[in-house]
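Below is one structure; the comments refer to it alone.
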Amino acid sequence: MKSKSLAFWLLGIVATAAIAAQIAPPIRGDWTAEQVTKNVYVIHGPLGNPSPENQGFMNNPAFVVGPEGVVVIDPGGTVQTGHLLMKHLKATTDKPVVAVIDTHIHGDHWLGNQAVREAYPEVPIYGHPRLVSRVKAGADVEWLSLMHEMTHKASEGTVAIPPEKEIKDGDRLSLAGLTFEVMHVDKSHTDSDLMLYIPELETVFTGDNVGNNRILRIDQGSFKGNMDAIAKLLELPAKTFVPGHGRSGGREVPENYLKYMQTVYKEVEAAFEEGKPDYEVRPTLMPKLSAWKDWDGFGDTVGGHINTSYLEIEAAAF
Ligand SMILES: [Zn+2]
């Protein structure tokens, strides 16, 4: 009996060592958790897609310190990014993490959940029901392999831990002694986007419905819906806006992204009314988008935005 338990114990050590060996190195570089407003901290990650250079860290992992604990929002796309977040969180406050909220299905926002769970095994993780169902249908495997491939294995060691607590539009959560008002407009950047308003801190987390210096693709979402989502959050008396990618700021952050979308939409609408096909939109639209032409993702994404909005305008007309 004794030798059997010893064998199991040794096996445990070997297994642990094997797992440890498979974890890729931590995120390089000097990053800071910036206090964007009272009690709200954001690590503004690099712009761009996952790559070996950014090691899959290219979102805005954030935490909100309340009177009764800490709420983590979008802990990143790899366990390494999650560890970076936890390091800064622990250096900022001794309060425990009481909840994690994932804004949408894209793995660069939620695969870092694992790092929070390592430190707080019981912490509840919240997300939209469609995030949960898409993961059940295999989105976790897709995102893990995409990260692995795009970063040349810099995400190694990451395990997908999706939300298990489903939240939807209109929910009001009391977490850490603060209120989190949940907003969702069916389809926008994706079909699982949550926007979070914390009235006590006059702060909104926009998710990927808003980018700053980054144009974001619409993925199983809606161009018009994305504009509606931004219009909805601009109705709030909020002062601080944390976008999914790029620097946080005031109302100008969502306003500027909405202006980009409206410029595309209006031009596409006019072309449709004149009976022009979508590929004839580009020459007249491009000069009007000069303010955004240097934004990350612009060249790769604007064509998709023209197509998506054209199809939606066409569908609405029939
Ligand atoms: Zn996204």
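Structure above, values below:
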read-out: Every pair of residues 6+ apart whose Cβ atoms lie under 6 Å, when the first sits in the stretch 219-246 and is more than 17 Å from THR103 (Cβ to Cβ) while the second is more than 16 Å from the ligand (Cβ to nearest atom) and in a loop (DSSP other than H, G, I, E, B); value: LYS239/GLU202
read-out: Residue check for VAL116: more than 15 Å from the ligand (Cβ to nearest atom), in contact (Cβ under 8 Å) with a residue 40 or more places away in the chain, under 23 Å from LYS187 (Cα atoms) and crowded, with 24+ Cβ neighbours inside 10 Å; value: no
read-out: Residue match in the stretch 184-194 (condition: surrounded by fewer than 20 Cβ atoms within 10 Å (Cβ to Cβ), touching a residue at least 40 places away in the same chain (Cβ under 8 Å) and either more than 15 Å from the ligand (Cβ to nearest atom) or among the basic types (Lys, Arg) (or both)); value: no
read-out: Count - residues of the stretch 173-219 that are of a type in the set (Lys, Arg) and either under 13 Å from VAL64 (Cβ atoms) or within 11 Å of the chain's Cα centre (by Cα) (or both); value: 0
read-out: Residue match in the stretch 56-64 (condition: among the small types (Gly, Ala, Ser), crowded, with 23+ Cβ neighbours inside 10 Å and in contact (Cβ under 8 Å) with a residue 60 or more places away in the chain); value: yes
read-out: Any hit, the stretch 122-134, residues being away from the ligand (no atom under 15 Å from the Cβ), part of a loop (DSSP other than H, G, I, E, B) and surrounded by fewer than 18 Cβ atoms within 10 Å (Cβ to Cβ); value: yes
read-out: Selection status of LEU216, more than 16 Å from the ligand (Cβ to nearest atom) and either in a loop (DSSP other than H, G, I, E, B) or touching a Ser or Thr at 6+ places or on another chain (Cβ under 8 Å) (or both); value: no
read-out: ILE230, sole failed condition from (1) within 23 Å of LEU311 (Cα to Cα); (2) in contact with an Asp or Glu (Cβ under 6 Å, 6 or more places away or on another chain); (3) not in a loop (DSSP other than H, G, I, E, B); value: (2)
read-out: Filter pass, VAL210 being of a type in the set (Val, Ile, Thr), away from the ligand (no atom under 14 Å from the Cβ) and in contact (Cβ under 8 Å) with a residue 40 or more places away in the chain; value: no
read-out: Qualifying positions in the stretch 133-142 - touching a Pro at 6+ places or on another chain (Cβ under 8 Å) and under 12 Å from SER192 (Cα atoms); value: VAL135
read-out: Scope the stretch 161-176; condition in a loop (DSSP other than H, G, I, E, B), exposed (fewer than 14 other Cβ atoms within 10 Å of the Cβ) and among the small types (Gly, Ala, Ser); matching residues; value: GLY170
read-out: Candidate set from the stretch 74-108 (those that are among the aliphatic types (A, V, I, L, M) and surrounded by fewer than 20 Cβ atoms within 10 Å (Cβ to Cβ)); member that is nearest to the ligand (Cβ to nearest atom); value: VAL98
read-out: So LYS259, is it touching a residue at least 60 places away in the same chain (Cβ under 8 Å), among the basic types (Lys, Arg) and under 28 Å from GLU202 (Cβ atoms); value: no
read-out: From LEU111, LEU144, residue being buried (at least 24 other Cβ atoms within 10 Å of the Cβ) and of a type in the set (A, V, I, L, M); value: LEU111
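Residue-wise test of (1) over 19 Å from LEU194 (Cβ atoms); (2) more than 19 Å from the chain's Cα centre (by Cα).
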site	(1), (2)
ASP74	no, no
VAL79	yes, no
VAL98	no, yes
TRP110	no, no
GLU122	yes, yes
LEU131	no, no
LEU146	yes, no
MET150	yes, no
SER155	yes, no
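Where a number appears in this text, it was derived from the coordinates with a stated rule and is not lab data. Predicted model only: the values in this text are computed from it and were never measured. Methodologically, a virtual Cβ is constructed for each residue, glycine included, from the backbone with ideal geometry; neighbour enumeration extends over all protein chains shown.
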